[in-house]
Amino acid sequence: MLDPKLIKEKPQVIRDMLKARAVDFDLDALIESDQKRRGFILKTDELRKKKNQVALEISQKKKAGEDASSILSEMKTVSSELSKLESEQESVEKTYSKLALTIPNLVHESVPIGVDENANKEIKKWGEIPSFDFKINDHIDISENLDLVDLERAAKVAGARFYYLKNDLVRLNQSLIHYGLDFLAKKEYSLVQPPYMINHESMEGAVIADDFEEVIYKIEDEDLYMIGTSEHAMAAMRAKEILEGKELPLRYAGVSPCFRKEAGAHGRDQKGIFRVHQFDKIEQFVFTRPEDSWKEHEKMLAVAEEFYQNLEISHRVMLLSSGDMGKVSAKTYDIEAWMAGQNAYREIVSCSNCLDYQARRLKIRFRDKTNEDTQYLHTLNSTLIATTRVMVSIMENFQTKDGHIRIPSVLQSYMGNQKEI
RNA sequence: GCCGAGAUAGCCAAGUAGUACGGCGGCCGUCUCGAAAACGGCUACGCGCAAGCGUGCGGGGGUUCGAAUCCCUCUCUCGGCGCCA
């Protein structure tokens, strides 16, 4: 959600944003319904004032033992007028909030303008692209040869884009999570394992309506949705709270499985475990003062970069273009890891500053002193590790001539000093 | 799942139909070299430059001229019983 004052006072800023994102949005309808809404607030408030006055009069007359029947009928009229006005107001509010909840976030000035990923900007590169003196396999062949993944039976049991992890890949998955948590704990993140299902109100705080259809699974007959990432549950964790300024920034490491419909991804990355309905992830989630959020954004990116350097995974950092970014983010960096089997860099991390957009939806505010006005804080999120994608990169980049996989040295102690799969 | 008791502001808490009692904590001020104590003000949210007005007693609905208060319903918490990894 955007600041209604900004929409009212500087609509051109919003129009520029919509153009940069190449998003169709009826801004005039939003502005009009906001005006209508404000008008109704004034009208109903005025009528309520009258109602309160009459109620007071009645109470005084009754206490004095006087006859109040003539004012009683006046009260009746005021009450019925009010309830009529209130129901009109309700429908205006509904229209307004529906629009207000679908307008995308602002775009930061440093974001390259463009319609899709072709306008993304490479910021930096780390590590050599691995070269091989033998014919290499992709992660699907490797995992089949070493009996690490069973896709066929997963398809039988659950459907496409599911998998059974097997043997040492199960251990590698656990090692990555364990190492990732230790890594963030050392940097003084609070570790959190959130609910894997959350209610509609919470989900709506973190996610835009369209994404509900495209990515989020709903539990039948329950007000529950499977989280697409722990970001959803982490953002909602502090909903409707007023935090103390001195608590900020709050840095959380959320660890959870993630569940995604992948509804719009027909045919893309169809085989293997690169794009799946379920995977484990550690997420960085930060609540911060507005003035610190850009600094925190760079910091989160740096944390993720360090992590992949430690894992010896060659990667590059991309600054996403206005058209490629998610709607809740004002600026997003992706880290793309080299995947030798695909001979390409592929996304493994997405690091976003959402400004006060989620905080407004979730009503998360802070203040330094008790009688100060409250302020919306800023939220940021970044992947630390989505295990399946990193395992693809490890399998493909670290494959050996004799068909095995070298385990990155930082992970070996987590795997009983095993050096190879 | 069943039975019982609850949910009021940051915390505690009074209030069984007629303007939300009071306490603690916090913030600001007076006093002081400074602090403590004492005293005064402020301390949920919305609209408004402000004066002010409105909303708010777990959520939703109903009864009533009028609901924190009566009724229905849902959620959550606590206690007891049952079931369960």
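General remarks:
- Using R0 = 56 Å, the C-beta based FRET efficiency linking A:ASN145 and A:LYS94 works out to 0.45.
- One chain, two ends: A:GLU306 and A:GLN174. Fully extended at 0.36 nm per residue, the span grows by 45.5 nm beyond their Cα-Cα distance.
- Every helix of 4 or more DSSP H residues in chain A counts as -39500 (n - 2.57), and over all residues that averages to -13500 deg cm²/dmol at 222 nm.
- Chain A: angle of helix A:387-397 to the longest principal axis, Cα-based, in degrees nearest 10: 30
- Exceeding the 32 Å Cα-Cα cut-off - candidates A:LYS124/A:LYS281; A:LYS19/A:LYS124; A:LYS121/A:LYS240: A:LYS121/A:LYS240
- Taking the average, over residues, of other Cβ atoms within 10 Å as the packing measure, peptides A:92-100, A:364-372 rank A:92-100, A:364-372 from highest down.
- Normalised per residue, the accessible area of chain A is 50 Å², obtained with a 1.4 Å probe and no contribution from ligands, DNA or RNA.
- Label sites at A:LEU27 and A:LYS187, each approximated as a point 7 angstrom past Cα along Cα to Cβ, lie 3.6 nm apart.
- Chain A: relative contact order in percent, alpha carbon pairs under 8 Å with at least 6 residues between: 20
- Karplus (6.51, -1.76, 1.60) ³J(HN,Hα), θ = phi - 60°, over the stretch A:140-155, in Hz, Gly and Pro reported as x: 5, 5, 4, 5, 6, 4, 9, 6, 10, 9, 10, 8, 5, 6, 5, 5
- Calculated P(r) tail over 19 Å for the stretch A:4-100, as whole % of Cα pairs: 57
- Legend: calculated FRET efficiency, A:GLU420 to A:HIS266, from the Cβ-Cβ distance at R0 = 30 Å, rounded to 0.05, equals 0.25.
- Rounded to 10°, Cα long-axis angle of helix A:11-21 versus longest principal axis of chain A: 30
- Extension reserve of the A:ILE113-A:ALA55 stretch, reckoned as 0.36 nm per residue once the Cα distance is removed: 15.0 nm
- Each Lys and Arg Cβ is given +1 and each Asp and Glu Cβ -1; about its Cα centre, the stretch A:4-100 then shows a dipole of about 260 debye.
- Here the accessible area of the stretch A:4-100 is 51 percent carbon and sulfur, with a 1.4 angstrom probe and all protein chains present.
- Charge sum, other residues only, whose C-beta stays under 13 Å from A:ASN310's C-beta, Lys/Arg counted +1 and Asp/Glu -1: -2
- Cα-projected label distance for A:LEU243 with A:ALA158, points at 7 Å along beta-carbon direction, nm: 3.3
- Accessible surface of the stretch A:169-268 [probe 1.4 Å, protein heavy atoms]: carbon and sulfur percent: 48
- Based on the Kirkwood approach, the hydrodynamic radius assigned to chain A is 24.3 Å, with every pair of different Cα atoms included.
- Separation in nanometres of the label points that stand 7 Å from Cα toward Cβ, at A:ASN343 and A:ASP133: 2.1
- Per principal axis, descending, Cα span of the stretch A:355-421 in whole Å: 68, 22, 13
- Percent of beta bridges antiparallel (DSSP, the stretch A:117-415, rounded to nearest 5): 90
- Tilt relative to chain A, helix A:293-310 - C-alpha long axis, 0 to 90 degrees, to 10: 20
The values are calculated or read from the model by the stated rules, or taken from the named source; none is laboratory data. The structure displayed is predicted, hence computed values, not measured ones. As a convention, Cβ positions derive from the backbone with ideal geometry for all residues, glycine included, and neighbour counts pool all protein chains shown. Accessible surface areas use protein heavy atoms only, side chains included; no ligands, DNA or RNA. Shrake-Rupley method; radii C 1.70, N 1.55, O 1.52, S 1.80 Å.
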